[in-house]
1. Only one of V141, V124, V120 is β-branched (V, I, T) and part of a helix (DSSP H, G or I); which?
2. Is it true that R44 is within 16 Å of ligand 1 (Cβ to nearest atom) and either modelled with pLDDT of 95 or more or not hydroxyl-bearing (S, T, Y) (or both)?
3. Could you list, in sequence order, the residues of the stretch 291-318 that are among the β-branched types (V, I, T) and in a loop (DSSP other than H, G, I, E, B)?
4. For F362, work out the one condition from (1) hydrophobic (A, V, I, L, M, F, W, C); (2) farther than 25 Å from I277 by Cα; (3) assigned to a strand (DSSP E or B); (4) in contact with a Phe, Trp or Tyr (Cβ under 7 Å, 6 or more places away or on another chain) it doesn't fulfil.
5. Can you pull out every residue in the stretch 393-422 that is at pLDDT 95 or above and farther than 23 Å from N443 by Cβ?
6. Can you tell me how many residues within the stretch 181-205 are more than 8 Å from ligand 2 (Cβ to nearest atom) and either in the same structural domain as G107 (by TED's automatic domain parsing) or part of a loop (DSSP other than H, G, I, E, B) (or both)?
7. May I ask you to say which residue of V28, V106, V39, V81 is aliphatic (A, V, I, L, M), within 30 Å of A354 (Cα to Cα) and in contact with a Pro (Cβ under 8 Å, 6 or more places away or on another chain)?
8. Which one of the conditions (1) surrounded by fewer than 16 Cβ atoms within 10 Å (Cβ to Cβ); (2) farther than 30 Å from M296 by Cα does A411 fail to meet, given that it meets all the rest?
Amino acid sequence: METVEVLGSQITDNPHSWAQNIGFGRGVYISTYGCQMNVNDSERMYALLEMANYVPVATPEEASLIIINSCSVREKPVHKVHSEAGTFRKLKAKNPELKIGVGGCVGQQEKDKLLKDVEVLDFVFGPDNIDALPSIVSEVVNKNEKVTFTKFQHSKPYQIETLVRNPGVATFVNITKGCDNFCTFCVVPFTRGRLRSRPLKDIVNDVKVLTQKGVKEVTLLGQNVNSYMSDDGTNFAQLMRILAEDTDLLRIRYTTSHPKDFTQELVDVSAKYRTKICDYVHLPVQSGSTKVLREMNRVYTKEEYLDKVRMIEEGIPGVSLSTDIIVGFPGETEDDFLETMDMIEKVPYESIYAFNYSPRPFTKAAKFQNHVPADVSSDRLTRLLKRHREITFSLAKKYEEQTLQVLVEEADKNKAGLMMGRSTQNKVVHFEGSKDLIGRIVNVRINKAFPQTFWGALV
Ligand code: SAH
Ligand code: SF4
Ligand code: F3S
């Protein structure tokens with residue numbers, strides 16, 4: 001079999017223009033790693049492949065097409081792709097028709113090197129080539145060729161329609177792709193390309209279609225949603241206002257927001273439409289040390305970050321906050337780390353996503369000299385997580401005896417008679433109730449509150 005670098009002549013990213021029946025009812029299985037964008041990208045892949053007559057299946061054993069939707073943000077991502085592809089090798093030995101591809105950020109990062117290194121793979125594509133997937137698969141299946149397709153679509157406007165198969169009560173809508181911030185630790189600008197925003201009217205239209213299908217809550221997605229800028233000059237705060245005013249959504253969430261772009265205007269809109277815009281802000285701090293933040297190119301100081309937190313807490317009293325933290329960034333001293341420990345004392349984060357720094361290809365920080373030894377970094381991470389765990393238990397306690405507004409999403413999978421929903425603070429709440437509550441906002445009095453999960457009763 002020949003390996004070809006397809007440069008785009010035969011491949012098309014117009015999902016409506018390729019041969020419709022490439023799947024012939026055969027199974028497709030997607031293994032997903034990484035962030036919510038990747039989760040949403042996998043949903044888009046399933047939707048596109050269903051249009052091409054593939055059928056989603058629950059296990060790789062049942063599949064004729066397997067896609068690894070990979071993440072490259074930290075810790076041995078290429079290794080994970082190798083080892084997962086290795087487990088699929090046996091399936092290919094049994095079924096020579098089976099095609100295996102890698103998408104996502106590792107695909108973009110490694111390109112055709114992956115095809116050369118992992119013999120069992122048939123195709124590689126990047127996060128910016130998802131709409132070309134049916135066309136890529138068609139090349140692979142019909143011409144029996146290996147394909148790499150990792151071309152960025154920077155020069156085109158970001159015009160897609162949201163594709164979700166069974167949206168349910170709550171779903172995701174992409175509003176931006178890519179990132180221009182170039183934090184020195186981060187691979188995302190290299191794997192997802194330049195920042196592009198979808199036109200306002202496309203987003204509003206998508207949301208209206210979704211609400212007609214019964215969707216009550218959307219989470220607007222982007223690596224840095226508050227740098228959103230529509231072609232007609234609409235910024236993120238204005239987009240939020242328009243969605244709150246002009247659509248039937250009961251709730252709006254978003255992730256992720258960069259502290260530098262979090263504006264008073266966004267706080268004001270969130271306060272004005274508080275019943276719709278959720279009381280939850282994920283505001284990644286990364287480090288509490290101004291020196292480290294400068295080295296990371298985060299363009300805010302510790303004090304400026306704390307000012308943003310104060311602005312948010314004043315405008316949206318009772319808001320729930322969460323954050324991302326990197327421990328052991330090159331040059332981080334014990335004193336720098338103690339500044340990060342101080343952040344979790346100063347800001348009442350109800351959850352933190354904290355990880356050891358991991359050098360990433362193409363990034364500036366990977367070339368920095370003063371790397372922190374792994375044992376030192378791991379020790380700091382353990383201390384941070386231990387202290388935060390204590391904090392979260394006491395933060396959760398404040399919700400006990402409170403009545404929260406819960407959007408009911410589904411019947412509890414683990415126990416009959418229980419329903420599951422989320423509070424505006426993004427807490428999962430379980431309570432006794434019936435299925436006709438699904439899609440409604442109900443008042444639930446909390447009896448027992450653990451950091452991420454609450455138990456309560458309808459009032
Ligand atoms: N766009 C988001 C972050 C996307 S990546 C933002 O700017 O907030 C998600 C998280 O992964 C980051 O917030 C960071 O905490 C972590 N991360 C990214 N690169 C990393 C690296 N090289 N090592 C460790 N953690 C990293
Ligand atoms: Fe990465 Fe920084 Fe962009 Fe977030 S804002 S995706 S951390 S470069
Ligand atoms: Fe991972 Fe790419 Fe998301 S690196 S975190 S899948 S943007």
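The values are calculated or read from the model by the stated rules, or taken from the named source; none is laboratory data. Being a predicted model, the structure only gives us computed values, none of them experimental. Because the Cβ atoms are built from the backbone with ideal geometry, glycine has one as well, and the counts that use them run over all protein chains shown.
1. Values: V124 fails: part of a helix (DSSP H, G or I); V120 fails: part of a helix (DSSP H, G or I).
One residue alone meets the criteria, V141.
2. Working: within 16 Å of ligand 1 (Cβ to nearest atom): no; either modelled with pLDDT of 95 or more or not hydroxyl-bearing (S, T, Y) (or both): yes.
The answer is no for R44.
3. First, pick out the residues of the stretch 291-318 that are among the β-branched types (V, I, T): 292, 299, 301, 309, 312, 316.
Passing the criteria: V299, T301, I316.
4. So the condition that F362 fails would be (3).
5. none
6. Kept after step one, since they are more than 8 Å from ligand 2 (Cβ to nearest atom), are these residues of the stretch 181-205: 184, 190-191, 193-205.
Those still in the list that are either in the same structural domain as G107 (by TED's automatic domain parsing) or part of a loop (DSSP other than H, G, I, E, B) (or both) too: 184, 193-195, 198-199.
Residues meeting the conditions: 6.
7. After applying the criteria, what remains is V106.
8. Checking A411 against (1) surrounded by fewer than 16 Cβ atoms within 10 Å (Cβ to Cβ); (2) farther than 30 Å from M296 by Cα, the one that fails is (1).
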